[in-house]
1. For residue 46, list long-range residues whose amide hydrogen, built 1.01 Å from N in the peptide plane, is under 5 Å from its own amide hydrogen.
2. Count the DSSP beta bridges whose two residues both fall in the range 51-159, then state the antiparallel fraction as a percent rounded to the nearest 5.
3. Under 4 °C and 1.567 mPa s, how fast does the range 101-170 diffuse according to Stokes-Einstein, given a Kirkwood radius computed over C-alpha pairs? Answer in µm²/s, whole number.
4. Between exposed trypsin sites (Lys or Arg not before Pro) in the chain, where DSSP calls loop and at most 11 other Cβ atoms lie within 10 Å, what's the longest gap?
5. Treating only the Cβ of Lys, Arg, Asp and Glu as charged (+1, +1, -1, -1), what charge dipole size does the range 170-229 show about its Cα centre? Round to the nearest 20 debye.
6. Would you mind working out the magnitude of the charge dipole of the chain relative to its Cα centre, with +1 at each Lys and Arg C-beta and -1 at each Asp and Glu C-beta, to the nearest 20 Debye?
7. For residue 215, list long-range residues whose amide hydrogen, built 1.01 Å from N in the peptide plane, is under 5 Å from its own amide hydrogen.
8. State the answer as a single residue: which of 229, 51, 173 lies farthest towards the positive end of the charge dipole of the chain, with beta carbon charges of +1 for Lys and Arg and -1 for Asp and Glu, about the Cα centre.
Amino acid sequence: MSKKETLLPFIEGFPQAEEPVVIVDSNEATTARRIVKGLKDAGASVRILPLEKGDYIVSDVCVLERKTVSDFVQTLTQGRLFEQLTALKEAYEHPLLVLEGELQSIFEFRGVRPRAIWGALFFLARNGIPIVPTADWMGTVDLIYTAARQEQLVEKRKAAVRPLKRIKTLEEAQLYLMCGIPLIGGEKAKALLGRFESPLNAFIHIEEWDDVKGIGKKIKEQAKKVLATPFPLESS
């Protein structure tokens, strides 16, 4: 955990002043109605949108892809699993794969060797895509709700859809570049570009970001850290 992370919001008796937002893919909402209802019953504000990738967005950096055990095996054997989740990793800093169902049964599918399963799980973990198992849909609801509260109430992030890296216009490229700075979503990126006209000019005049509505000291310091910290080549 980072210094600012805490489990206090999940301890019984802690004040529940706010409830999180969960953005749900429209196709997922149709096939997983129990989960959508469970999230609403838990107190989450659910927004249903057509998403290019991912099933549940809980912040601008964290998205969850849900697969049942049978879904996981099917996409693996069809060769679509790695493509789906790699694209997700390109758009969100912290993607998670929710693997729902009896985990041991994943090794009991005919025609699928256990080493193929282990290889897939290792590949995903090795490439920064954690696998979080849940026993059933109720466990999935608890996980998504908890993740949304942690991201939004503790980390102070907002649920936001980030585009995949299929940039078609110069404007999209500029917005995508600005949104890469921590705590900056689409609206703040537009505000900064509206004030400074270009990403380069915005970065050159970073000390003046306080003049832009919605941009506080915390965001400015995060941006300066991203721009000025040497890349750790030795760990790559």
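1. Counting only residues 5 or more places away or on other chains, the set is 22.
2. Percentage antiparallel, nearest 5: 15.
3. Calculated translational D: 84 µm²/s.
4. With a cap of 11 other Cβ atoms within 10 Å, the longest stretch comes to 5-79.
5. It works out to roughly 260 debye.
6. It comes to approximately 260 debye.
7. Sorted by chain and number, the residues that satisfy this come to none at all.
8. Farthest towards the positive end: 173.
Values in this text are rule-based calculations from the coordinates and carry no lab data. Since this is a predicted model, take the numbers as computed values, not measurements. Note that we place each Cβ from the backbone using ideal geometry, even for glycine, and neighbour counts take in every protein chain shown.
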